[in-house]
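Worksheet: the structure to be examined is printed underneath.
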Amino acid sequence: MSLTGKKAICFYFQVHQPFRLKRYRFFDLGHDHYYYDDFTNESIMRKVAEKCYLPANEILLDQIIRNKGKFKVTFSLTGLVIKQFRLYAPEVLESFRNLADTGMVEFLAETESHSLASIRSRTEFERQVEAHKALIREHLGVEPTSFRNTELIYSDQIGSWVADMGFKSIMTEGAKHVLGWKSPNFLYCNSINPRLKVLLRNFVLSDDIAFRFSNTNWSEWPLTADKYATWINKLAAKSELVNVFLDYETFGEHNRKETGIFDFLAHMPGAILKKTPFKFMTPTEVVDYLQPVSAINIPSPISWADEERDITAWCGNELQSAALDKLYSLSEKVRMCDDAQIKKDWEYLQASDHFYYMATKFFSDGAVHAYFNPYDTPYDAFMNYMNVLSDFEIRLKRFVPDSQEVNEMSKLNNLLKEKESLIDQLSSELDSLRKNSRTKKTAKGTRTIEPSLAGNMLLLSSSGTKTAKKSKTSTTTRTRKKK
Amino acid sequence: MRVLMFGWEFPPHISGGLGTASFGLTKGMSTLEDLEVIFVVPKAWGDEDQTKVRLIGANKVPVAFKQVHYKGFKRPIEQIEISSKIVPYTDPEQYYQKINSETTGHKLVVQTNNEGTIDFSGRYDTSLMDEIYKYSVVAAVIAQENDFDIIHAHDWLAYPAGIAAMEVSGKPLVIHVHATDFDRSGGNVNPDVYQIEKMGMDAASKIITVSNLTRDIVINKYNIDPEKVETVYNAVEPVKLSGDADINKGFDDKVVTFLGRITMQKGPEYFIEAANKVLKMMPNVRFVMAGSGDMMERMMRRAAALNITDRFHFTGFLKGKDVFNMLSISDVYIMPSVSEPFGISPLEAMQSNVPVIISKQSGVSEILTHAVKTDFWDIDAMADAIYAILNYPALSKMFIKNGKEEVVRLKWDNSARHVRDIYYRVIWQNKN
């Protein structure tokens, strides 16, 4: 393939925090409808805001202003993290708004709650993406045109759905097992709908920052911005596009401030602009700037997680499948329900993190894998989540009963009506009897009553007892005639 | 290498974890070619499985001479005749009966019978202290008559025997702590037992504990140098599930089982309270407390007070096949022990395809991944776990599948190899 001489580099940062669940016991079912561990959520958010979001945003804003339009970055903020900003750290949202106002920052669309809807339900997926777009529009004042899926989960089919929704490009992992001999350093397109361009993560350059930066045993330690720029420059001869996709918490949280990560971040734009022919671009700009070299075939879903780069971290065991099945079995009913609290809980329960905590594949290497994992074991995570989901289901049923239940309810209602009419009938009989007996008392007439009716009267009316006893002895059939 | 090993019981005459563990270990050792084990128990019944080890019963050893070179006990040998009423460690059934029948203390004297051997009951009972000392006398005789490189004594009952053998032979002593009196007594430590335990630990060249939990107790409560104490985890004998259990469940309800001595150490009251919480939320479940012990009556009264007796069942002490039958109809196995040095029984439950809930205060929780672990006092967590396993089939399936894989890897051969390494180190140390 011929090189056009155009070169682009794309930095994209993922920002996400889930609403972690509190310890929810089964005996809370039906009583307690608040599921979140506010203390943990707030303290984690405050900590990460102080250590990462605020200082990193400040540096980026400074670099954008300094480099006068030559430095651009891309963010993806999940709906959940935006909601947490609003609750616990509004100043962070403000600083993102400032970044958005420079016009040098692109914000991507994704599912509102960082969910796994893309591997379960297309309708739910599309609904969540639309919800997220609206949220970004509302809080950041921009319209997303490119897409990233939860944990960069991607397959040809997911890509085609995203294309149908009108997005221009999508990010995913440059996984070795799907690329083979191909290089991630070019622009590709979806194999079903070529209008959607696919940007592949260069995992070597990305992980250099994310995982190896503070590893003092690494042969390349310490990593400086200049060194990093020379590596990128080496790629220039054989690439058009370099994609560095990172969790934003890489700066200040996974790599502490003391490791020099913020200095690296501050010097990186200048070094790349000076030492390499690459231009900073956002995904939407890349799509207009570069031509795709070919379509990329990814029939089964990949992600950026773990060595396997697949989706087994979220749906690799029976626990996760069971929980996902249960969750998505409720989606139809949630759609029929219009209670705001139900909708909100539904959104929070979607977060892929809940399923990640249930992963058992990390047992083998014993690695403490999950970041801020509130559970001791995957089993704990599953039990807690299922308890919460059970309560959610109970509440949901109150709003939207099962069709079967509806039938039963109407049956019971009919039965109730029948009984009621029977009671009416009997009580009217009773009244008339009572009236008669009273008149009889004064008139001293005689009449008879059916024995069963007499029994009812004994039970129902204490004042009528005497009269009933009396009437038993009488012989007339007036009541019957009255009917 | 020849090992002279002192135990207290040997299958099939066992009453608790000690016999199971020491048998498993010796069986594992028999697979190692360079080890030869002579296992000594106070009483050999004659029907023990001796294919793997050579078993010597102390009751079969003629005590022809009484002047054994022997020192280091608080009482001279002549005073062994003094009968003692201390009941430090009892077979649950016997202990239970004993308390109920109010047996008055009976006197035992060391008597050689007409063959010149000492009679042992081979049981845990009121004359236990006498037996322990009688045992040590015979141990000295055995030590003189046999050739060996190292001595290994299981639990405090056998420590005096081990020490006696050590003093006679000059060979190094390794003691194996399966439990301490802190575990058994729930805090009311018997000073006589403590003294024997402490004496054994001080005399030994190396102390093997069955978990780090026990190791910490040995280091902190008995003031032993941490260097001297090493953990060797227990394992479990593989069993073949016959598939056709003798009993079928005659009902559709789920079954949650507690299996063990009903004593303070095992935490039965937490099980009842957790059961009560579960029963408030779901009706179709039954709880079984299988075993006996000094707290059984109290537990029955508690179940009655909570008004759950229609769903909470007591079976009494279960043995042999009944245990497996019980496990085969169980949906959850729970061990809420307050203090459990190891606890092999959850491993047996896992072998029988039963998900287990264990307390964090058990040694076995240090090695198990695929089990629910809660604090023994956390009845909320326990109840929650029971509910989850019964109601979320995926969870139960995962526990069964992964638990089985995990438990298969816990082999006595590995424990035996670890113990062998310790022997070599001790012998090497002793030479230098």
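Laboratory data are not the source of any read-out in this text; all were calculated from the coordinates shown. Predicted model, so just to flag it, every value in this text is computed and none were measured. Reconstructed Cβ throughout: ideal geometry from the backbone, glycine too, with neighbour counts over all protein chains shown.
For peptide B:388-396, compute the average count of partner chain beta-carbon atoms within 10 Å of each residue's beta-carbon.
Values: counts 10, 2, 1, 5, 11, 2, 12, 10, 1.
Going residue by residue through B:388-396 and averaging, the value is 6.
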Quiz item: What are the ³J(HN,Hα) values, in whole Hz, obtained from phi via the Karplus relation 6.51 cos²θ - 1.76 cosθ + 1.60 with θ = phi - 60°, for each residue of the stretch A:422-431 in sequence order, with x given for Gly and Pro?
Solution: 5, 4, 4, 4, 5, 5, 5, 4, 4, 4
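Is chain A rounded, prolate or oblate when judged by the Cα gyration tensor, a ≥ b ≥ c being the square roots of its eigenvalues, rounded requiring a/c under 1.5 and prolate requiring a/b larger than b/c?
Details: a/c = 3.50, a/b = 3.12, b/c = 1.12.
Taking the square roots of the gyration eigenvalues as a ≥ b ≥ c, chain A is prolate.
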Self-check item: the stretch B:141-209 versus the stretch A:148-167: alpha-carbon centroid distance in Å
Solution: 69
Quiz prompt | For the stretch B:253-372, the Rg and Dmax computed from alpha carbons only, in angstrom | solution = 13.3, 37
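Contact order normalised by length for the stretch B:216-297, with contacts defined as Cα pairs under 8 Å and 6 or more residues apart; what percent is it? Before the final figure, lay out the partial values.
Numbers: 54 pairs, mean separation 26.6, N = 82.
RCO, the stretch B:216-297: 32 percent.
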Quiz prompt | From phi via Karplus (6.51, -1.76, 1.60), per-residue ³J(HN,Hα) for the stretch B:193-200 in Hz, x at Gly/Pro | solution = 5, 4, 4, 5, 4, 5, 4, x
Exercise. Whole Å is fine, so just give me how far the alpha carbon centre of the stretch A:312-354 lies from that of the stretch B:275-330.
Key: 37
Quiz item: Percent relative contact order of the stretch A:5-157, based on C-alpha pairs within less than 8 angstrom and at least six residues apart?
Solution: 23
Quiz item: Under a 5 Å amide H to amide H cut-off, with H placed in plane at 1.01 Å, what residues pair with B:Ala153 once short-range neighbours are removed?
Solution: B:Phe6, B:Val174, B:Ile175, B:His176
Quiz item: Averaged over peptide A:21-29, how many Cβ atoms belonging to another chain are found within 10 Å of each residue's Cβ?
Solution: 4
Quiz item: Which of the chymotrypsin sites (Phe, Trp or Tyr not before Pro) across the stretch A:174-217 are loop residues per DSSP, with 10 or fewer other Cβ within 10 Å?
Solution: A:Trp181
Quiz item: Hey, got a sec? Which GluC sites (Glu not before Pro) in the stretch A:14-115 land in a DSSP loop and have at most 16 other Cβ atoms within 10 Å?
Solution: none
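Could you work out the relative contact order of chain A? I mean the mean sequence separation of Cα pairs under 8 Å and 6+ apart, divided by the number of residues, in percent. Show your work: numbers first, answer last.
Values: 715 pairs, mean separation 86.5, N = 483.
Once normalised by length, the contact order is 18 percent.
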Quiz prompt | Three-way shape label, the stretch A:1-134, alpha-carbon gyration tensor, a/c 1.5 | solution = oblate
Quiz item: Taking the mean number of other Cβ atoms within 10 Å as a proxy for protection, how do you rank A:297-305, B:318-326, A:146-154 from highest to lowest?
Solution: A:146-154, A:297-305, B:318-326
Practice problem: Quick one: check the C-alpha center-to-center distance for the stretch A:206-222 versus the stretch A:105-131, whole angstrom. | Solution: 33
Quiz item: Taking amide H positions as placed 1.01 Å from N in the peptide plane, with prolines and chain starts having none, which residues 5 or more places from B:Phe314, or on another chain, fall under 5 Å of its amide H?
Solution: B:Met289
Practice problem: Please order B:Arg298, A:Arg120 by the number of other Cβ within 10 Å, starting at the fewest. | Solution: B:Arg298, A:Arg120
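Mind checking A:321-332 for the average number of partner chain beta-carbons within 10 Å of each residue's beta-carbon?
On the way: counts 1, 6, 3, 0, 1, 2, 0, 0, 0, 0, 0, 0.
Partner-chain Cβ atoms within 10 Å, mean over residues of A:321-332: 1.
Using mean Cβ contacts within 10 Å as the protection proxy, how do A:214-222, B:157-165 order, highest first? Display every interim value, and only then the final one.
Details: A:214-222: 11.0, B:157-165: 27.7.
Result, highest mean Cβ count within 10 Å first: B:157-165, A:214-222.
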Quiz prompt | A:Arg195 versus B:Leu32: modelled label distance in nm, points set 7 Å from Cα along the beta carbon direction | solution = 7.3
Quiz item: In which sequence would B:Leu259, A:Leu415 go, from the one with the fewest C-beta neighbours within 10 Å to the one with the most?
Solution: A:Leu415, B:Leu259
